Amino acid sequence: MNNLNTYQNFYFVGIGGIGMSALARYFHASGKKVLGYDKTPTKLTQTLMTEGIDIVFEDVIDEKITSLHKEDTLVIYTPAIKVLGILDYFNGHQFEVLKRAKVLGLITENTDCIAVAGTHGKTTTSTLVSHLCKEADLPFSCFLGGISENFKSNFLYNGAQYSVVEADEYDRSFLNLSPDWAVITSTDADHLDIYGDKNTIEEGFRQFAALVPDDKQLFVRKGIEIGRPSLTYAVNEEADYYSDNLRMEGDKIYFDFHTPAETVKDFIWETPGIHNVENATVALAILHNLGVDFETLKKAIANFKGIKRRYTKHRYPNGKIYIDDYAHHPTEINAVMGSIRTFYPDKKLLVVFQPHLFSRTRDFADGFAESLSRADELILLDIYPARELQENFAEITSDWLLKKVTLDKKEVSALGEAFQKIKEKDFDILLTVGAGNIDTLYDPICEWMNGTQSAQR
């Protein structure tokens, strides 16, 4: 296979995916010609097109494709796409066709790679590590699984020495990386369509951990057994690196940070939830190991704005609150709802949830039901199929899941009808949550809430 630098054209099959779009932006920023296909137009694809990337939404072999030559074109695809005429064309004409994870792995081979893995927390942690690198003016690029509110992107180029990547366990993608430093935040069961059971996914993380050279550092959440020496981190319990003395002042969390050698008091952090203090703790540990001083880190932590759809919160003049979050696993939903119930214990909570994948809904149905039952009222949207076909999961529906939820006020809704139903509900806090296309509700809800609240001022 040729070196990546020999290619002038990069065609992305599934360019609208969060990981694919970061790679597309990388090659576009490198001066290459970038084209792509995706099934559905989204905010992200629109932004990519505004940036100068050519995208089509029909599976058609057009002149732009037939004008490409296999000698100077690399085709990159996501494993979420199974059958596609465009992909068949490239394979049939002997183009070099690689998975996204393989290409990202090739990029990390030539950098000092900081890879963040885990079934939960990797997007927040990798984005925060990138933000700290930027504030410390380290030479780095980052490939993120979410849109940083500080960067307004899932990709940033600030130099070539380091790369910060979200190490995705789906399809064992993270085994393609060449990590010099790595984080493992959690190893909960997920992606059972790939791994089959919890033991197998844990073995996948052990294989990832083994990729870190012995003279570099692996950071692991305390309590996770990973099968090789590592530095541990935690919150409210001693570890190699840990945070404690957490206290709330308004919407800000103050905490003290402990290294093996010293304690630094009064970090200020505005992202809610103890799980997010854990993410901050390991990000600080990494940057401390890279030699960044604590004065710089304190300022950087304090101005971290978070990630789109990771506890994105709006507060309105009459006291109502709207929160939007990407959580799509019971553990993640528990974390979000736990934060809401901690900070607003007496508020009436309306939850709108879109399950993601039939297989995940089936595998974690009881966990979802238990999490969602913590709401006061639930609108459960139809399952977002992503790469799966309903016909293969005939009995797995939102109606089936709803029966397991122990609320009195609960109903199933199509996405297209959900906004009207929301407007008819009585709530103090509205939470929209899920990883599919539920994000299309975000702008209409914000516009409605802004209009309603300003009218009440």
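The values are calculated or read from the model by the stated rules, or taken from the named source; none is laboratory data. No experiment lies behind these values; they were computed from the predicted model shown. Methodologically, a virtual Cβ is constructed for each residue, glycine included, from the backbone with ideal geometry; neighbour enumeration extends over all protein chains shown. SASA here: full protein model, heavy atoms, side chains in, ligands and nucleic acids out. Shrake-Rupley method; radii C 1.70, N 1.55, O 1.52, S 1.80 Å.
The residues listed here are Ser163, Ser141, Ser186; of these, the one that is touching a Gly at 6+ places or on another chain (Cβ under 8 Å), under 23 Å from Arg221 (Cβ atoms) and of a type outside the set (Val, Ile, Thr) is Ser186.
Evaluated against (1) in contact with a His (Cβ under 8 Å, 6 or more places away or on another chain); (2) closer than 18 Å to Leu144 by Cβ; (3) open to solvent by less than 70 Å² (accessible area, probe 1.4 Å), Gly52 falls short on exactly one condition, (2). Selection of the range 296-323 for residues being in a strand (DSSP E or B) and either open to solvent by less than 50 Å² (accessible area, probe 1.4 Å) or aromatic (Phe, Trp, Tyr) (or both) yields Ile307, Thr312, Ile321, Tyr322, Ile323.
It is to be established whether one or more residues within the range 132-150 are more than 30 Å from Ala300 (Cα to Cα) and not charged (D, E, K, R). The answer is no, given that none of the residues of the range 132-150 is more than 30 Å from Ala300 (Cα to Cα) and not charged (D, E, K, R).
Among residues of the range 244-278 being open to solvent by less than 40 Å² (accessible area, probe 1.4 Å) and touching a residue at least 40 places away in the same chain (Cβ under 8 Å), the one that is farthest from Thr331 (Cα to Cα) is Thr271.
The residues in the range 427-444 that are open to solvent by 40 Å² or more (accessible area, probe 1.4 Å) and more than 21 Å from the chain's Cα centre (by Cα) can be counted, and the count is 2. Residues in the range 387-398 that are surrounded by fewer than 11 Cβ atoms within 10 Å (Cβ to Cβ) and either of a type in the set (S, T, N, Q) or modelled with pLDDT of 95 or more (or both): Asn392 alone.
When Glu370, Glu447, Glu417, Glu424 are screened for being open to solvent by 80 Å² or more (accessible area, probe 1.4 Å) and either within 19 Å of Ile340 (Cα to Cα) or in contact with a Cys (Cβ under 9 Å, 6 or more places away or on another chain) (or both), only Glu370 passes.
Here is a yes/no grid of residues against (1) of a type in the set (Lys, Arg); (2) in contact with a helix residue (DSSP H, G or I) (Cβ under 7 Å, 6 or more places away or on another chain); (3) not in a loop (DSSP other than H, G, I, E, B):
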| residue | (1), (2), (3) |
| --- | --- |
| Asn5 | no, no, yes |
| Phe12 | no, yes, yes |
| Ile15 | no, yes, no |
| Phe27 | no, no, yes |
| Gly31 | no, no, no |
| Leu44 | no, yes, yes |
| Met49 | no, no, yes |
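Checking each residue in the range 175-205 for being at pLDDT 85 or above, of a type in the set (Gly, Ala, Ser) and out of contact with any Asp or Glu (no Cβ under 9 Å at 6 or more places or on another chain) picks out Ala182, Ser186. Close Cβ contacts (under 8 Å, 6 or more residues apart or on different chains) running from residues in the range 347-367 that are closer than 18 Å to Gln390 by Cβ to residues that are part of a strand (DSSP E or B) and open to solvent by less than 10 Å² (accessible area, probe 1.4 Å) comprise Gln354/Leu381; Gln354/Val433; Gln354/Gly434; Pro355/Leu380; Pro355/Leu381; Pro355/Gly434; His356/Gly434. Against the list (1) within 27 Å of Pro317 (Cα to Cα); (2) surrounded by fewer than 16 Cβ atoms within 10 Å (Cβ to Cβ), the condition Asp408 fails is (1). Return a yes/no flag: does the range 73-80 have any residue that is in a loop (DSSP other than H, G, I, E, B), surrounded by fewer than 17 Cβ atoms within 10 Å (Cβ to Cβ) and β-branched (Val, Ile, Thr). For the range 73-80, residues in a loop (DSSP other than H, G, I, E, B), surrounded by fewer than 17 Cβ atoms within 10 Å (Cβ to Cβ) and β-branched (Val, Ile, Thr): absent.
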